[in-house]
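Here the structure is laid out as structure tokens; the discussion comes afterwards.
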Amino acid sequence: MTSSPPDVRLPTLDGLRLSSRPYVAAVVAVAAFATSDLNDPLVLALLVVNSVLLLASSLPRRMIGPRVSLAGASVALIASAAILSVDGTTAATLFPFLVAGHAGWRFKPAVSFPFAISLSVACAAALWIAERNGIDGWPWAAGLFAGWPVLIGYSRRSRLEALRNARRATDAELREHALAERARIARDIHDVLAHSLSGVNMQLEVADALLDAGRAEDARVAVGKAQSLVREGLTETRRAVRTLRQDALPLVPTLRALVGEDASFVVDGTARDLDTPQAQFLVRCAQEALTNARNHAPGAAVSVVLRFGACDVELCVANGPAPSPPDPIDSSGMGLVGMRERAALVGGSVTAGPDGRGWIVRAAMSLPNAAVADTKASA
């Protein structure tokens, strides 16, 4: 069983890079050539320079270094301002506006904003000179607006950086989720194998001691118990692996199959579907508690109660006293520690202690989703 990672969908950065900028540059260049006087050598030269620089600006950043980009932008500033003054009635007037927008996207604000101001001043100055020399075109004040498209480029740059930061945060969250999932799976397998191997080790030690004492029949019985524990361990391991592969864990059927014929199982209240981590927490607590009851109070009556409240769920595993004193078993207490670690992951709690002459383990957790649903229903 694996819990699903957070479902985060972001626009791909590659898709953002493949914008329409190259097509716009090509259309503007063709329109400028189509509407300009190509018989004028100065106009033709400026058209070629502006078109080449505009098309080159659409290349990816990795293909052009920052110094080359800045040098090209400086040349484009002069060339676009010049063509605005000598060919100000054709599509060539779009060159300075496209250069400003490109600067806002390509460079940081510390570079792009001064560049836009310089472009506006250059365009206004070029138009003023053209106006003084009797060249028809835009009024010189219109050149002051040539740098405004830098804001459009800067907005696109900011959005791209925000998406990159969101992608990094998402990748970090997914890595953290994967590490937590690995730790949980390792804990699941450890819990299953630790119970079986500890029991097998104990039975083999008993068999060794019986053989030293010459009690071969009793030793054979101990070896048979060890074999039985191995088979049970393999069954529980397969069950754990099968559960790990499931997207959802049916809590009540899983607990009923886990309890089997060795204990009573009661469901109090209306059963609800729990999240996978929550269901896994209760199943592992039940498995740990049943194993402890089997080891420390063999033959004792065991009851398992799963109670669904309005806003919480509680699992109780209680056992009575053993009919006869059990054999001493070394216990590290790691089972209870593991249950409490699982409880912390789902916001629950685990308590264990004596209950009269027996022992009881309680695992509880709140169900915030159920509480919200009940509140909406009552409203």
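Between R156 and L44, the FRET efficiency from the beta-carbon distance, with R0 = 41 Å, is close to 0.80. Rounded to whole numbers, the Karplus 3J(HN,Hα) couplings from phi for the range 299-309 are x, 6, 5, 10, 10, 10, 10, 10, 10, 9, x Hz, using 6.51 cos²θ - 1.76 cosθ + 1.60 with θ = phi - 60°, and x at Gly and Pro.
Rolling a 1.4 Å probe across all protein chains gives V221 an accessible area of roughly 80 Å².
Calculate the FRET efficiency for A216 and T237 from the Cβ-Cβ distance with a Förster distance of 35 Å, rounded to the nearest 0.05.
Once the sixth-power term is evaluated, E becomes 0.65.
With a sphere of radius 15 Å drawn around the Cβ of A110, what net charge do the other residues whose Cβ falls strictly inside it have (Lys, Arg +1; Asp, Glu -1)? In short, +2. Here the 3J(HN,Hα) profile of the range 275-283, calculated from phi with Karplus coefficients 6.51, -1.76 and 1.60 at θ = phi - 60°, is 5, 4, x, 5, 5, 4, 4, 5, 5 Hz, Gly and Pro shown as x.
The values are calculated or read from the model by the stated rules, or taken from the named source; none is laboratory data. Here the structure is a predicted model, which is why all the values come from computation and not from measurement. Don't worry about glycine lacking a Cβ; one is built from the backbone with ideal geometry, like all the others, and counts go over all protein chains shown. The accessibility values were calculated without ligands, DNA or RNA, using every heavy atom of the protein model including side chains. Shrake-Rupley method; radii C 1.70, N 1.55, O 1.52, S 1.80 Å.
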